[in-house]
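Notes follow once the structure below has been shown.
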Amino acid sequence: MKFIEFGWGHSNDENPLKSGAYAVTEALKNIENDKYINLAFLFSSPDYEPEEVLNGVKLILGNDIPIVGGSARYSIINNEPHKGVSVGIISSKYIDIGIGVGLGVSINPEECGKKAIETAIKDLGMAPKLVMVFMDCCNFEEEVLNGIIKKLGMCVPIFGGVTSDNFEFSRTYQYCNDVYVDSVVCVVFGGDIVPKITVGRFTERELISKKTKGRVTEANKRYVSKINNINALDYYMSVFNYKKLGEISKDREFYFTHQFGTLDLNNEKIHIKGPISIKNNALVFGSNIREGVELIDYEIDKDKIKHIFEEVNKSILNTPPQYPHAFSFLALPVYLAEIGKDKTNEWLEVLKDLYPLFGFSSYGEIVFSEYNNYTIALCSILPDLANICIKEGISMITKYPATKETIKKIYEMGGSVKIEELAENLGIHRRTAYDRVEPLLKHGFVKKEGAKVELTDLGKLLLEKFILKFW
């Protein structure tokens, strides 16, 4: 029994309206019950007119289902990065959704973050269990996140990223039932879900370094113009031995793999910072850099990036509870997707136990209270079986009191039994036994194959948490 359904679809039709309509139509085909659709994720290429894409999606979904997301150079579906339009749809009666948008992140970033989360929580109407954030590229990502945390607190997990374009850093946009720029969108999840969140970052295993250290001596937000009191670009080319004068700004594959980074205070975590672009002889970093910060040279070995995916996969799978996951959401750095065009499918294949996998390429990743660059952010959504089984169990036993005795008897008979044997042990007619089993099937506590019924994981949980405990 599926407690949370997730459908996914993709289209790269040249017509943005058709592409939106085709993608959502494909997504709906992967959902058995569309009665409980809660939310649609929408990511589309910056080459499209976003209003037309959104109109195509609404043409099929209507205007009542919340639609969130944004621009993405690549969207992710299972082991495939796509260009075009991708749609992911959540359908579950056990999930509640609230959405909010804050406008003007480059003008008043902290207040913008506060506004978005405040509106989303009010729309949800209950305490959130997870927040997803989709933000514009604005030079103030940390301040926006601080605004969200000040309103939300530190106890609710936050996950998300910065929407991307084709490296113009100027054509990004966000969806929140409409199309916005210079905004932050918050989606809050309530109800019977368990989120598992992890972040994969580079360690010395995946990096090559000469350990050259340079101190930032002139910077403005994320623009670094001087390192060790010399021109930052000259310093960069010297450290990484780049000889092609005048070509560095166009050589993305080189500067995406030859990076500067910092170490945290304990010298344990490596934070890759950039450059993500080179403009007017200045190095543009993925997040703000303060003057005085010490930068270390790192060369990324793309053949070892797979190891980071293996680690995040292991982290999610080994984190309790061990409930079956419904879907996983990935924020993949667009820089890695770009340098690993021949490797990305292989990296994503590592996460096959977490399919359906859906996500987008980001300019920066948000996990809990951190804003990062060059990290692999993963969020897996699971149904909260403990809450679901108790709610459904109380509802079932209240309406059908005899089911309590029936499920206990199935348990006592080994958890799997033929209907005839169950009837005999209960001292009832075989037809009556079928009637008693029907509510158990309806609520997902048993499954039936032919004339045999077997306890599901949900049924075992109900017995453990509720029936055997109190009776």
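The values are calculated or read from the model by the stated rules, or taken from the named source; none is laboratory data. What you are looking at is a predicted structure, and each value in this text was computed from that prediction instead of being measured. No Cβ is skipped: glycine too gets one built from the backbone with ideal geometry, and neighbour counts run over all protein chains shown. With ligands, DNA and RNA removed, areas are computed over all heavy atoms of the protein, side chains included. Shrake-Rupley method; radii C 1.70, N 1.55, O 1.52, S 1.80 Å.
Restricting attention to the stretch 381-391, and to residues there that are surrounded by fewer than 23 Cβ atoms within 10 Å (Cβ to Cβ) and not aliphatic (A, V, I, L, M), which single residue is modelled with the highest pLDDT?
The selected residue is D384.
Looking at R252, R215, R222, R205, which is the one that is basic (K, R) and modelled with pLDDT of 95 or more? Before the answer, list the steps.
Working: R252 fails: modelled with pLDDT of 95 or more; R222 fails: modelled with pLDDT of 95 or more; R205 fails: modelled with pLDDT of 95 or more.
The match here is R215.
Only one residue in S416, S395 is touching an Asp or Glu at 6+ places or on another chain (Cβ under 8 Å) and either more than 30 Å from Y335 (Cβ to Cβ) or of a type in the set (D, E, K, R) (or both), so which one is that?
Only one candidate qualifies: S416.
Mind checking which residues of the stretch 45-70 are among the small types (G, A, S), more than 26 Å from N313 (Cα to Cα) and surrounded by 16 or more Cβ atoms within 10 Å (Cβ to Cβ)? Break it down into steps so the answer makes sense when it comes.
Start the filter on the stretch 45-70 by keeping residues that are among the small types (G, A, S), which leaves 45, 56, 62, 69-70.
Keeping just the survivors that are more than 26 Å from N313 (Cα to Cα) gives 45, 56, 62.
Residues satisfying the conditions are S45, G56.
For S91, all conditions in the list (1) touching a helix residue (DSSP H, G or I) at 6+ places or on another chain (Cβ under 8 Å); (2) farther than 28 Å from K447 by Cβ; (3) polar (S, T, N, Q) hold save one; what is the number of the exception?
(2)
Select, from K129, K115, K122, the only residue that is charged (D, E, K, R), within 20 Å of V162 (Cα to Cα) and either free of Cβ contacts under 8 Å to residues at least 12 places away in the same chain or open to solvent by 10 Å² or more (accessible area, probe 1.4 Å) (or both). Walk me through it before giving the result.
On the way: K129 fails: within 20 Å of V162 (Cα to Cα); K122 fails: within 20 Å of V162 (Cα to Cα).
Going through K129, K115, K122 in turn, the sole match is K115.
Taking the stretch 339-356 as the search range and keeping residues that are within 12 Å of P81 (Cβ to Cβ) and in contact with a helix residue (DSSP H, G or I) (Cβ under 7 Å, 6 or more places away or on another chain), which one is surrounded by the fewest Cβ atoms within 10 Å (Cβ to Cβ)?
E346
Could you list, ordered by first residue, the pairs with Cβ atoms under 6 Å in which the first is in the stretch 223-246 and within 14 Å of I289 (Cα to Cα) and the second is open to solvent by 40 Å² or more (accessible area, probe 1.4 Å) and among the β-branched types (V, I, T), at least 6 apart or interchain?
Qualifying pairs under 6 Å: K226/T217.
For the subset of the stretch 166-177 comprising residues that are part of a strand (DSSP E or B) and out of contact with any Asp or Glu (no Cβ under 7 Å at 6 or more places or on another chain), which member is surrounded by the fewest Cβ atoms within 10 Å (Cβ to Cβ)?
At the first step, the residues of the stretch 166-177 found to be part of a strand (DSSP E or B) are 174-176.
Narrowing the set further to residues that are out of contact with any Asp or Glu (no Cβ under 7 Å at 6 or more places or on another chain) leaves 175-176.
On the way: Y175: 27, C176: 24.
My answer is C176.
Answer yes if at least one residue in the stretch 206-219 is within 30 Å of F327 (Cα to Cα) and under 27 Å from the mean Cα position of the chain (by Cα), and no otherwise.
Applying the first criterion (within 30 Å of F327 (Cα to Cα)) to the stretch 206-219 yields 206.
From what is left, the residues that are under 27 Å from the mean Cα position of the chain (by Cα) are 206.
The answer is yes, given that some residue of the stretch 206-219 is within 30 Å of F327 (Cα to Cα) and under 27 Å from the mean Cα position of the chain (by Cα).
Within the stretch 1-46, how many residues turn out to be touching a Lys or Arg at 6+ places or on another chain (Cβ under 9 Å) and part of a loop (DSSP other than H, G, I, E, B)?
Selection size over the stretch 1-46: 7.
Counting only residues that are open to solvent by less than 40 Å² (accessible area, probe 1.4 Å) and part of a loop (DSSP other than H, G, I, E, B), how many does the stretch 409-424 have?
Qualifying residue count for the region: 1.
I'm trying to understand the selection: among the residues of the stretch 425-439, which are of a type in the set (K, R), over 18 Å from L455 (Cβ atoms) and surrounded by 16 or more Cβ atoms within 10 Å (Cβ to Cβ)? Explain how you work it out, then say what you get.
Step one: filter the stretch 425-439 for residues of a type in the set (K, R), giving 430-431, 436.
Imposing the further condition that a residue be over 18 Å from L455 (Cβ atoms) reduces the set to 430-431.
Hits for the stretch 425-439: nothing passes.
Do you know which residues across the stretch 305-354 are of a type in the set (K, R) and modelled with pLDDT under 95? Talk me through it step by step, then tell me what you get.
Let us first name the residues in the stretch 305-354 that are of a type in the set (K, R), namely 306, 314, 341, 343, 352.
The one that is of a type in the set (K, R) and modelled with pLDDT under 95: K341.
Checking the conditions here, which among I467, I428 is assigned to a helix (DSSP H, G or I), on the phi < 0 side of the Ramachandran plot and β-branched (V, I, T)? Please lay out each step first, then the result.
Values: I428 fails: assigned to a helix (DSSP H, G or I).
None of the other options fit; the residue is I467.
E268 passes all but one of (1) under 20 Å from the mean Cα position of the chain (by Cα); (2) open to solvent by 70 Å² or more (accessible area, probe 1.4 Å); which number fails?
Unmet for E268, out of (1) under 20 Å from the mean Cα position of the chain (by Cα); (2) open to solvent by 70 Å² or more (accessible area, probe 1.4 Å): (1).
Just to verify a result, which residue in the stretch 392-408, among those that are under 38 Å from the mean Cα position of the chain (by Cα) and of a type in the set (A, V, I, L, M, F, W, C), is surrounded by the fewest Cβ atoms within 10 Å (Cβ to Cβ)?
Within the stretch 392-408, the match that is surrounded by the fewest Cβ atoms within 10 Å (Cβ to Cβ) is I394.
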